[in-house]
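Quick note: the coordinates plus some simple rules give every number you see, no bench work behind them. None of these values were measured; they are calculated from a predicted model. With ideal geometry, Cβ positions are generated from the backbone for all residues, glycine too; neighbour counts draw on all protein chains shown.
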Amino acid sequence: MALQLNHFYPYTSKHGKQPKPPLTSTRPRPTKFQVKAASINGRELIQSGAVRPIPPKEAAMAMSSEGFVLLDIRPDWERDKARVAESLHVPLFVKDMDSSPLTLLKKWVHFGYIGLWTGQNFTTMNPDFLQQVEAKVPDKDVKLLVACGEGLRSIMAASKLYAGGFKNLGWLAGGFNRSAVSDFPAVEGSEKLQYATIGGVSYFFLQLLILLQAVGKDD
């Protein structure tokens, strides 16, 4: 059976030329969707007010009067030097124990550029961080004040906790490095809390600086 194409494009020209198809397309326009990123940006959470920034000088008051629980996410070797008494501890980063050739090469580079000066170990993200926090804090309505040495790692930790369902979060702004001796009355360990992140060669320079300051005061 023959198809009659004039049902689709009728021949209206006397010269027998087929008219051009209409310019309007029948294809529906694509609908725009806003895709939410899987990873939540910690800085955006702080700027939006979802995570509350708390300066070190206000941390003790927030813990005593508002019920915040201090969550220390520093690695073990930093916490061993100095820590706030009765604070919870779940490290966001742990020592990388991989011994593959590529990782060993990265460790040597890290030691040469960072480890020798700062005393920091080569680390990797703790894959069980959220689960370990949930084990210590089953109630996700608990107010958690997330803290680290400089305030950067704790931003990352806060974003992971927020994505995991913890919504009452505080962030120790600037970290323990910005704290004064009187900010946390109960501190354990052999070092001052604000110096616990410092290690390696820089630690000896710090001790020399403290000694020179003490001698200058005596003079």
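Some values worked out for this structure:
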quantity: Across Lys140/Lys167; Lys57/Lys167; Lys95/Lys140; Lys136/Lys167, pairs whose alpha-carbon gap is larger than 19 Å; calculated: Lys57/Lys167; Lys95/Lys140
quantity: Sites Ala135 and Asp76 - FRET efficiency at Förster radius 30 Å, r taken between beta-carbons, to 0.05; calculated: 0.95
quantity: Label point distance in nm, Met125-Glu150, each placed 7 Å from Cα along Cα→Cβ; calculated: 1.8
quantity: FRET efficiency, Val94 to Ser65 (Cβ-Cβ, R0 35 Å, nearest 0.05); calculated: 0.55
quantity: Along principal axes, Cα extents of the range 122-172, largest first, whole Å; calculated: 33, 22, 17
quantity: 14 Å beta-carbon shell around Leu161, net charge (K/R +1, D/E -1); calculated: +2
